[in-house]
Amino acid sequence: MLIPRTAIFARRGRGDEYLLIKGAPTKRLWAGKYNGIGGHVERGENILFSAQRELLEETGLLADLWLCGTVIVDAGEAGVCLFVFCGENPQGEIKDCEEGSIEWVKKDAVLHLPVVEDLPVLLDRIHSMQRGDPPFSARSYYDENDKLTVVFGS
């Protein structure tokens, strides 16, 4: 079984700053760690609408979104199908939400911050992508040493 989720990476300026969420200290998963914006795709909802809704709910912003790729997260019995979106031309006023605080973060700063494990890999992959590029596909899993591995398709 795969649970559909969205991850949105809005960028601004020359594309070297990304809008990220720093998980609230009360979160069960990823407390205090930076991640992309996103969440569950609701029943009957298409993935683009879901990404737009999550971005607005969690940040107060609207952006031009486009699908960058998909990642199948192998978590054993139930996994996640992550639809990764890039966002450009963000509009509105940033607001924090109960999920955490919203911040613009320079791509290079991600290496020095507490982040979810796949964030640097995903940002590296989408950083040079532009609207109209073919979406990537990937699979992520933990190996026998509990190290996260992300494999991109060709």
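A short reminder: the numbers here are calculations on the coordinates, not readings from a lab. On a predicted model such as this, the values are computed, not experimentally measured, just so you know. Don't worry about glycine lacking a Cβ; one is built from the backbone with ideal geometry, like all the others, and counts go over all protein chains shown.
Brief remarks on what is shown
- Amide H contacts for V115 (H built 1.01 Å from N in the peptide plane; partners 5 or more residues away or on another chain; cut-off under 5 Å): Y34.
- Residue exposure sequence - V84, V110 - by fewest surrounding Cβ within 10 Å: V110, V84
- R0 of 30 Å, Cβ-Cβ distance K106-R28: FRET efficiency to nearest 0.05: 0.60
- Counting every other Cβ atom within 10 Å of each residue's Cβ, S137, S50, S128 order from fewest to most as S128, S137, S50.
- When F83, F152 are sorted by how many other C-beta atoms sit within 10 angstrom of their C-beta, beginning with the fewest, the order is F152, F83.
- Taking the Kirkwood radius as Rh and the Cα radius of gyration as Rg, the stretch 2-152 has a ratio of Rg/Rh equal to 0.93.
- Across the cross-link table entries K33/K106; K22/K95; K27/K147; K22/K106, which are compared at the Cα atoms, the separations over 19 Å belong to K27/K147.
- Gained length - D16 relative to S128, 0.36 nm times residue gap less alpha-carbon distance: 39.3 nm
- Taking the chain and dividing mean pair separation by its residue count, relative contact order in percent (alpha carbons under 8 Å, at least six apart): 28
- Modelled FRET efficiency - R0 22 Å, N46 with L2, Cβ distances, 0.05 increments: 0.85
- Beta bridge orientation in the chain: antiparallel %, DSSP, nearest 5: 70
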